[in-house]
Amino acid sequence: MRLVMMGPPGAGKGTQAQEISRRLDIPHISTGDMLRVAIRSGNEVGRKAKEYLEAGRLVPDEVVIELVKDRLSRRDCDEGFILDGFPRTVNQATALDEWLEGNGLRLDAVLDIEVPRDLLLERITGRRVCLFCGNTYHTVYNPPRVPEHCDGCSRELTQRLDDKEFAVRERLAAYDKQAAPLKEYYRRRGILREINGAQPIEQVGREIGKVLGRDWS
């Protein structure tokens, strides 16, 4: 089964992608992970990506597309894959479809995890981290025993800058702008499947299983 996972920051798409990977025994392919592996390997695509990143620039579509094509050509993808973080643009989606069709393949579904914006804000802005021992918490879902202090070392917890409300709103707005044309592209293809991500993690997983024709109860 060949899948693409979509969803805004805080939607839990990474968690669900890992679970799908485990259940279907197909690789979970993250763009970020691919970039790091390619850079460490020192291959041609990795060298190109490293040059852009070291210059503080976005890695262009053509480099990312080549990276994905190389990854999908490996044997462990013969029975399928789940892409997480790619495609991000219609140009990338078109290139992916062309490559798949050229190899006699196609995407089975694009799973779009939808979560109301107020719930996303609560999920992300509630995160707290201990800079000393690395423990992570959430003010609502996983609070420390003493508010704003680490259970392990009693140090004061920190809210990351990109978890502050103004930053989260900017990230969500940027995602919406980028994702809208991509969703429409896949909706026209008839393979976009919207998943209610406001549910508990296990229920989201069961809904995904149902969409994929699997009983994950």
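All of the numbers you see were taken from the coordinates with simple rules; none came from a lab. Predicted model, so just to flag it, every value in this text is computed and none were measured. Backbone-built Cβ (ideal geometry, glycine too); neighbour counts: all protein chains shown.
Before moving on, here are some points about what is shown:
- Residues located in region 158-195, provided they are outside any helix (DSSP H, G or I) and of a type in the set (S, T, N, Q): 158, 159
- Given (1) touching a strand residue (DSSP E or B) at 6+ places or on another chain (Cβ under 9 Å); (2) closer than 30 Å to residue 212 by Cα; (3) outside any helix (DSSP H, G or I), index of the condition residue 123 fails: (3)
- Close Cβ contacts (under 6 Å, 6 or more residues apart or on different chains) running from residues in region 1-20 that are within 12 Å of residue 114 (Cβ to Cβ) and touching a residue at least 24 places away in the same chain (Cβ under 8 Å) to residues that are outside any helix (DSSP H, G or I) and among the acidic types (Asp, Glu) comprise 6/112.
- Residue 120 vs. criteria of a type in the set (A, V, I, L, M, F, W, C), within 17 Å of residue 187 (Cα to Cα), out of contact with any Lys or Arg (no Cβ under 7 Å at 6 or more places or on another chain) and crowded, with 20+ Cβ neighbours inside 10 Å: no
- Whichever residue in region 93-104 is of a type outside the set (Phe, Trp, Tyr) and surrounded by 15 or more Cβ atoms within 10 Å (Cβ to Cβ) and, among such residues, is farthest from residue 60 (Cα to Cα): 100
- Odd one out for residue 140 among (1) within 26 Å of residue 173 (Cα to Cα); (2) assigned to a helix (DSSP H, G or I): (2)
- Scan of region 61-87 for residues that are of a type outside the set (D, E, K, R) and loosely packed, with under 12 Cβ neighbours inside 10 Å, ordered by number: 73
- Region 98-120 - residue that is assigned to a loop (DSSP other than H, G, I, E, B) and in contact with a strand residue (DSSP E or B) (Cβ under 9 Å, 6 or more places away or on another chain) and, of those, farthest from residue 12 (Cα to Cα): 105
- The sole residue among 11, 49, 17 that is touching a Gly at 6+ places or on another chain (Cβ under 8 Å) and either β-branched (Val, Ile, Thr) or not in a strand (DSSP E or B) (or both) is 11.
- Of the residues 110, 90, 115, the single one that is surrounded by fewer than 19 Cβ atoms within 10 Å (Cβ to Cβ) and either within 18 Å of the chain's Cα centre (by Cα) or not charged (D, E, K, R) (or both) is 90.
- Yes/no for residue 163 being under 20 Å from residue 21 (Cβ atoms), touching a residue at least 24 places away in the same chain (Cβ under 8 Å) and surrounded by 17 or more Cβ atoms within 10 Å (Cβ to Cβ): no
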